[in-house]
1. At 0.36 nm per residue, and after removing the present C-alpha to C-alpha distance, how many nm does the segment from LEU154 to ASP189 gain when stretched out fully?
2. Which sequence of ILE65, ILE111, ILE140 reflects their accessible areas, 1.4 Å probe, from the largest down?
3. Whose amide H sits under 5 Å from the amide H of PHE318, counting only residues 5 or more places off or on another chain, with H placed in the peptide plane?
4. For an R0 of 56 angstrom, estimate the FRET efficiency from the Cβ-Cβ distance between ALA106 and LEU138 and round to the nearest 0.05.
5. Can you figure out the FRET efficiency of SER56 with GLU257, using R₀ = 41 Å and their beta-carbon distance, to the nearest 0.05?
6. May I ask you to evaluate 6.51 cos²θ - 1.76 cosθ + 1.60, the Karplus curve with θ = phi - 60°, for each residue of region 172-188 and list the ³J(HN,Hα) values in order in whole Hz, giving x for glycine and proline?
7. Pop out the ³J(HN,Hα) list for region 65-80 in order, Karplus 6.51 cos²θ - 1.76 cosθ + 1.60 with θ = phi - 60°, rounded to Hz; leave Gly and Pro as x.
8. Multiply the residue gap between LEU348 and THR216 by 0.36 nm, knock off their C-alpha separation, and tell me the result in nm, one decimal place.
Amino acid sequence: MRTLLLITLFLNSFSLSGQTETEKLRVGYTAAAPFIFQSGENLEGLNVWLWKRVASDLNIEYELIPMEFSPMLDSLRSGGIDLSINPLTITSQRSKEMEFTHSFYASNATIAIAEVSSFDKFKQFVGGFFNAGFLSGLLILLIIIFLFGVLGWLFERKMNPDAFRSGSRGLWDGMWWSAVTLTTVGYGDKAPVTKLGKLTALLLMFGGLLFISGLTASIASSLTVNLLTNNPDGFNEFKDRAVGTIANSGTENFLSEHFFRDIRKYTNVPTGLKDLDKGILKAFMYDEPILKYAIQRDSALHKLELLPVKFDIQFYAFGLPKTHIELEQRISQRILEIVETEEWDMVLNEYSLAEF
């Protein structure tokens with residue numbers, strides 16, 4: 001009886017792991033340097049190294065199948081492949097549809113933008129003076145100078161002819177006095193002597209003080225808004241702009257949940273970064289290590305830069321179909337053992353990656 005029980009347990013165990021032990025695993029992947037990339041005829045990257053190490057330690061036979069990112073996820077959900085070695089972000093929605101191994105790397109998303117030249121920055125700064133708010137304020141300022149200049153001349157031209165001459169020259173004297181008084185420069189070359197002239201000067205000084213303060217604040221605000229508009233450095237400043245990311249990625253879900261209105265979806269990072277370089281996009285948002293590697297390795301993208309913005313913390317793992325729970329447990333255990341070694345730190349350094 002005891003012998004029969006042992007035989008039964010052995011057969012059950014064999015049937016559960018039969019697929020992973022006797023058949024080659026179908027392992028899907030898509031390029032995502034520095035985690036997965038083609039180097040000549042060889043497939044390299046952090047994830048490739050990790051998977052080969054796990055497969056060797058667990059005596060797993062497999063075949064690598066190149067796929068596009070979205071079809072690869074669909075194939076994982078349906079069981080068309082047995083494993084994806086891409087750096088898949090663990091999300092609540094994906095966890096309902098597939099299994100994940102233990103996470104082996106943590107990162108975050110960031111923002112790539114096209115670098116603005118010094119000349120373009122200067123043009124943007126100058127352009128800030130020619131908006132509706134600034135021009136309307138300037139017009140009001142000129143009207144105030146004109147009105148008070150005329151009043152000052154009318155009140156002073158008879159009693160103070162030396163400072164406020166007659167005729168058109170006197171009108172210019174009034175304009176000059178009004179501008180000097182309004183701006184609190186106070187040259188002292190012209191001053192009212194009549195009661196009405198002094199009362200006009202008081203109104204101009206106190207009223208002008210308030211107006212100039214408001215106009216200065218308006219100009220500063222206008223220039224600041226213009227600078228932020230053309231040189232954004234925050235996550236929320238892109239919500240109304242055309243931004244790109246990878247289709248069906250964790251970043252796409254994050255942007256959608258945070259009400260980004262114009263999200264352009266790409267099948268790979270290089271294509272999206274090229275559109276950013278052409279000015280089709282205002283920003284490209286995706287995983288920081290992948291964006292950094294792509295920009296550093298492609299000389300054609302030297303005008304792109306990463307903003308010091310970090311959002312959407314991500315934990316990378318391998319993905320498996322829901323039916324492969326036992327295989328996931330075996331792989332997860334081995335991944336945990338590998339990432340705790342000094343060798344793992346050396347491999348991270350080799351691919352210019354650092355722990356989050």
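1. Net length gain for the segment: 10.8 nm.
2. From most accessible down to least: ILE140, ILE65, ILE111.
3. Under 5 Å from the amide H of PHE318: THR101.
4. Given R0 = 56 Å and the Cβ-Cβ separation, E is 0.60.
5. Working from the Cβ atoms, E equals 0.55.
6. For region 172-188, the Karplus curve yields 5, 4, x, 4, 4, 4, 4, 5, 5, 5, 4, 8, 6, 5, x, 5, x Hz.
7. Rounded to whole hertz, the list is 10, x, 8, 6, 4, 4, x, 5, 5, 4, 5, 5, 5, 8, x, x.
8. Numbers: separation 132, 0.36 × 132 = 47.52 nm, distance 5.25 nm.
Extra length available between LEU348 and THR216 comes to 42.3 nm.
The values are calculated or read from the model by the stated rules, or taken from the named source; none is laboratory data. All figures in this text were calculated on a predicted structure; none of them were measured in a lab. Don't worry about glycine lacking a Cβ; one is built from the backbone with ideal geometry, like all the others, and counts go over all protein chains shown. Heads up: the accessible areas ignore ligands, DNA and RNA and are worked out on the full protein's heavy atoms, side chains in. Shrake-Rupley method; radii C 1.70, N 1.55, O 1.52, S 1.80 Å.
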